[in-house]
1. Which one is modelled with the lowest pLDDT among residues in segment 63-95 that are buried (at least 17 other Cβ atoms within 10 Å of the Cβ) and under 14 Å from His42 (Cβ atoms)?
2. Out of (1) more than 23 Å from Pro75 (Cα to Cα); (2) in contact (Cβ under 8 Å) with a residue 40 or more places away in the chain; (3) touching an Asp or Glu at 6+ places or on another chain (Cβ under 6 Å); (4) not charged (D, E, K, R), the odd one out for Leu9 is which?
3. For the subset of segment 2-33 comprising residues that are assigned to a loop (DSSP other than H, G, I, E, B) and of a type in the set (D, E, K, R), which member is farthest from Asn53 (Cα to Cα)?
4. Can you run down the residue pairs with Cβ atoms below 9 Å, 6 or more apart or on separate chains, where the first is in segment 82-102 and under 18 Å from Val12 (Cα atoms) and among the aromatic types (Phe, Trp, Tyr) and the partner is assigned to a helix (DSSP H, G or I) and modelled with pLDDT of 95 or more?
5. Return only the number of the condition from (1) within 16 Å of Val105 (Cβ to Cβ); (2) in contact (Cβ under 8 Å) with a residue 60 or more places away in the chain that Val78 does not satisfy.
6. Among the residues of segment 72-83, count how many are part of a loop (DSSP other than H, G, I, E, B), closer than 19 Å to Arg95 by Cβ and over 9 Å from the mean Cα position of the chain (by Cα).
7. Given the criterion out of contact with any strand residue (DSSP E or B) (no Cβ under 9 Å at 6 or more places or on another chain) and part of a loop (DSSP other than H, G, I, E, B), identify the matching residue among Pro69, Pro48.
8. What number of residues within segment 51-66 satisfy the criterion of being under 12 Å from Ser13 (Cβ atoms) and in a strand (DSSP E or B)?
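The values are calculated or read from the model by the stated rules, or taken from the named source; none is laboratory data. Keep in mind that what you see is a predicted model, and the values were worked out from it rather than measured. Reconstructed Cβ throughout: ideal geometry from the backbone, glycine too, with neighbour counts over all protein chains shown.
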Amino acid sequence: METRQNSMLRVVSRKTLEAICGDVSGMAHRFWVERVTRSRVHVGYSNPDEWGNEFPMIAVFPCYPSCWPGDGDNPRVVLDFLNVLHDSWNDEGWRAFQPIFDSEVC
């Protein structure tokens, strides 16, 4: 039996992901790269309430090392959720990160 698959996952560098986070952040909605490990990138999201209390959520994305020489600190990030930590949106926190997927920053 032969199985075929085709998917349209977007892969960006860490530096591009940081640029995307800066581009989609605004007065209220903030995005940032929280932490980078060997195989995971943690991206934060916060939208403070009217009293200024922040309830940040963290999206976890897989990543792999860059294959380009001299680019070791710039891993490639697969924009596909592994998990959303501190989800304060009743298991719908992944929706907060949709602007990252919709961004056209290259």
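1. Per the stated criteria, the residue is Gly93.
2. (1)
3. Keep residues of segment 2-33 that are assigned to a loop (DSSP other than H, G, I, E, B), which gives 2-10, 25-29.
Now drop any that are not of a type in the set (D, E, K, R), which leaves 2, 4, 10.
Numbers: Glu2: 53, Arg4: 47, Arg10: 33 Å.
In this case the residue turns out to be Glu2.
4. So the pair list comes out empty.
5. (1)
6. Taking segment 72-83 first, the residues part of a loop (DSSP other than H, G, I, E, B) are 72-75, 79-82.
Those left that are additionally closer than 19 Å to Arg95 by Cβ: 79-82.
Now restrict to residues that are over 9 Å from the mean Cα position of the chain (by Cα): 82.
Residues that pass the stated criteria total 1.
7. Values: Pro48 fails: out of contact with any strand residue (DSSP E or B) (no Cβ under 9 Å at 6 or more places or on another chain).
When all the criteria are applied, what remains is Pro69.
8. Step one: of segment 51-66, the residues under 12 Å from Ser13 (Cβ atoms) are 63-66.
Within this subset, residues satisfying the condition of being in a strand (DSSP E or B) are 63-64.
Qualifying residue count, segment 51-66: 2.
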